[in-house]
Amino acid sequence: MSLDLDTNFQPEHGRPVEVAPEIVRLTAPNASPMTFTGTNTYLLGRDRLLVIDPGPRDERHLEALLRAIDGRPVESILVTHTHLDHSGLCDALKARTGAPVAAEGPHRTARPLAANEINRLDAAADHAFRPDRTLRDGETMTTAAGRITGIATPGHTANHMAFALEGSGILFSGDHVMSWSTSIVAPPDGGMADYMASLDKLLLRSDTLYLPGHGGPIAKPLAFVRALRTHRRMREQAILERVRAGDRTIPEIVKAIYRSTPVALHGAAALSVFAHLENLCERGLVATESDCDLSGRFEPC
C-alpha cells in the first residue's frame, strides 16, 4: 500500500476558505520546509465560533483572523499541540476576543532528556503555554458550533490532541496526520512508539475527513492512515536492515535511505531515524553503547 502525498495545495493566505459547512480555513503566511505552505487555522460555527490552532505570532495572520471572525463571539480557542506555529498566537487572540483556551495540557517532553542530550526542537516549543481548560482523552465540549471531542494522539509531541466534530465525520488532525508529508517524530519531544499507537487508535474510528494543521484535507483518511502506518513500518525495517548491513551512525543511515529527499530536509530525516532507532532499542532489536541519542553508534542485537 503506497503512501500518496499531496503537495498540490493552494493556501490562499489571509483569505477564509470554506472546507465544510460552517468551517473555514485560514492559512498563516509562515511557509517553510517544516510548515509547508503555512499553519492552518480553522473557524467553526456561524453565530458563535470556535478557533482551532490560532497559528504563529504573526500580526498579518491575527488581523486576517479578526476580519474573518467579524465581531462574532468566540467561545473557545482549541490547540492541537504546543509548537509555536500552532499556539504562538493564542495570547494575542485571547486578548482580542476574550475566549478561553483549551488543550491537552502544557508543553512537555515524551521522556526525560538523557545526560548531555539536546532537545533539537526545544526552540519550536511553546513553554509558556498554559490552557484555561485541560481536556482528557475522550472528553467532549458542547458548543454552539457542535460537540467537540478531544482525541489524545501523542507522538509528534507528548501533548498532541486531535479534535473530532461529533456527527460530522470530521477530525482536526493537527500535525499527527497530514496530506503533504509524514509527521516529524523527534525524541524527546515525541516518541515513535506513541506515534504508532496513535495511528492504531485512529484506525478504530470512522472519520471520513481529516482537516490537518498543514496542507489540504484528507478525503479518505482511514486508507491514508493505513498507508502511513505501512510506510512507517517499512521505514523501520529499512533502518534495521541498514544497521544489520553495517551502518553505525544516523548520518550514514540518512544518506542511504533518503537519497531522493532534498538535503534541506535531511535534518528532519535524521530526527525521524533517531525516533525509529530509539524504538528499536526499546524493543531489543538494536543496541547502542550508552544513551540512545543522535550522535550515538548503533549495533544489531
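The values are calculated or read from the model by the stated rules, or taken from the named source; none is laboratory data. The model shown is predicted, which means the values in this text are computed figures rather than measured ones. Here the Cβ positions follow ideal geometry from the backbone for every residue, glycine too, while neighbour counts run over all protein chains shown. Accessible surface areas use protein heavy atoms only, side chains included; no ligands, DNA or RNA. Shrake-Rupley method; radii C 1.70, N 1.55, O 1.52, S 1.80 Å.
In table form, for the structure just shown:
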quantity	calculated
Proximal aspartates and glutamates to Lys220, defined as alpha-carbon separation beneath 14 angstrom and excluding residues fewer than eight positions away on the same chain	Asp4, Asp6, Asp207
Loop trypsin sites (Lys or Arg not before Pro), the stretch 1-64 (other Cβ atoms within 10 Å of the site Cβ: 13 or fewer; DSSP)	Arg46
Per residue, in Å², the accessible surface of the stretch 1-89 once ligands and nucleic acids are set aside, probe 1.4 Å	43 Å²
Protection proxy ranking, peptides 93-105, 121-133, average beta carbon neighbours within 10 Å, highest first	93-105, 121-133
Percent accessible area from carbon and sulfur atoms, the chain, protein chains only, probe 1.4 Å	51 percent
Estimated dipole of the chain in Debye, rounded to 20 [Cβ of Lys and Arg +1, of Asp and Glu -1, Cα centre]	400 debye
Given (i) 42, 21, 15; (ii) 34, 19, 18; (iii) 39, 20, 18, the label whose value is semi-axes √(5λ) of the Cα gyration tensor in Å derived from this model	(ii)
Selection from Met141, Leu199, His276, by position along the positive dipole direction of the chain (Cβ)	Leu199
Angle in degrees between helix 59-69 and the longest Cα principal axis of the chain, rounded to the nearest 10	50 degrees
Accessible area in square angstrom per residue, the stretch 182-266, 1.4 angstrom probe	44 Å²
Cβ-based charge dipole, the chain, positive-most Cα from Ala123, Gly38, Ser87	Gly38
Mean residue ellipticity (222 nm) of the chain, computed from DSSP H runs ≥ 4 via -39,500 (n - 2.57), nearest 500	-9000 deg cm²/dmol
Residues Arg297 and Arg259, FRET efficiency given R0 of 30 Å [Cβ-Cβ distance, rounded to 0.05]	0.85
Shape category assigned to the stretch 152-239 from the gyration tensor of Cα positions, a/c cut at 1.5	prolate
